[in-house]
There are 2 protein chains.
Amino acid sequence: MSQLMSAVCTMKKVFDQYAGKDGDPTTLSKKELGDLLRAELGFEEVSGKDIVLFEVNKFFAALDHDKSGTVDCTEYCTFVCTLAILMMDTKGGKGKC
Amino acid sequence: MSQLMSAVCTMKKVFDQYAGKDGDPTTLSKKELGDLLRAELGFEEVSGKDIVLFEVNKFFAALDHDKSGTVDCTEYCTFVCTLAILMMDTKGGKGKC
């Protein structure tokens, strides 16, 4: 499998892993998105107030484009695409990888 | 590094690998995009007429959203995102990985 196809399959694997935890396996609930953000993007707990919850709520509202109450694979891929652009779009394309 | 971050870094690595071949290392020329499509998505030569060139021209026109004559990292990430959605968005999210 090529590098690009393995990256796309990893994106899918991560989505399925978290979306499949409970309820509808084709969408991310707010809890599932929170788990994904903590594990995959390193959102740490901050002592006392769970600042992460506040950020998850904000993230969820931004990603749930059709206001369905869940994040589907299109909304998830758009998020990963935005993340990739942010990491790549530095002067000369020398991002943080 | 998490799975999701490694997928994003692979996306970047592939872009840098092909964009860096000649000219501006932050954009894909039509030739560089053709090389990427052949190697990463398995566009094979068809005996006689190079059908791939026709497809590369079509792909290039579709990806070069701002008509700059090159494909930048935002346009590339949008393409990969669309590819991921196509692979994931089958009934029950059971795509081709």
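Readers should treat all values here as calculations from the given coordinates under stated rules, not as data from a laboratory. Keep in mind the model is a prediction, meaning the values are calculated, not measured. Counting neighbours? That spans all protein chains shown, and the Cβs are built from the backbone with ideal geometry, glycine included.
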- [ ] Work out the FRET efficiency for A:Lys67 and B:Thr74 from their Cβ-Cβ distance, taking R0 = 30 Å, and round it to the nearest 0.05.
- [x] 0.70
Task: Copies compared at A:Glu55 - label distances in nm, ascending, label defined 7 Å from Cα in the Cβ direction - done: 4.1
Open item on the list: Could you give each residue of segment B:74-82 its phi-based ³J(HN,Hα) in whole Hz, using Karplus coefficients 6.51, -1.76, 1.60 with θ = phi - 60°, and x for Gly or Pro?
Closed with: 5, 5, 5, 5, 5, 5, 5, 4, 5
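Calculate, in nm to one decimal, what A:Leu86 and A:Lys31 gain on full extension: separation in residues at 0.36 nm each, minus their alpha carbon distance. Present the calculation step by step, with values, prior to reporting the outcome.
Details: separation 55, 0.36 × 55 = 19.80 nm, distance 2.47 nm.
Extra length from A:Leu86 to A:Lys31 when fully extended: 17.3 nm.
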- [ ] Sort shortest first the distances from A:Asp89 to its counterpart in every other copy, using label points 7 Å along the Cα-to-beta-carbon line, and give them in nm.
- [x] 2.1
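Within a 10 angstrom radius of each residue's Cβ in B:69-79, how many Cβ atoms of other chains show up on average? Whole number is fine.
Numbers: counts 0, 0, 0, 4, 8, 6, 1, 4, 10, 5, 2.
Mean number of neighbouring Cβ atoms from other chains: 4.
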TODO: Give the nm distances, rounded to one decimal, from A:Lys31 to the matching residue in every other copy, measuring between label points 7 Å along Cα toward the beta carbon; shortest first.
DONE: 5.6
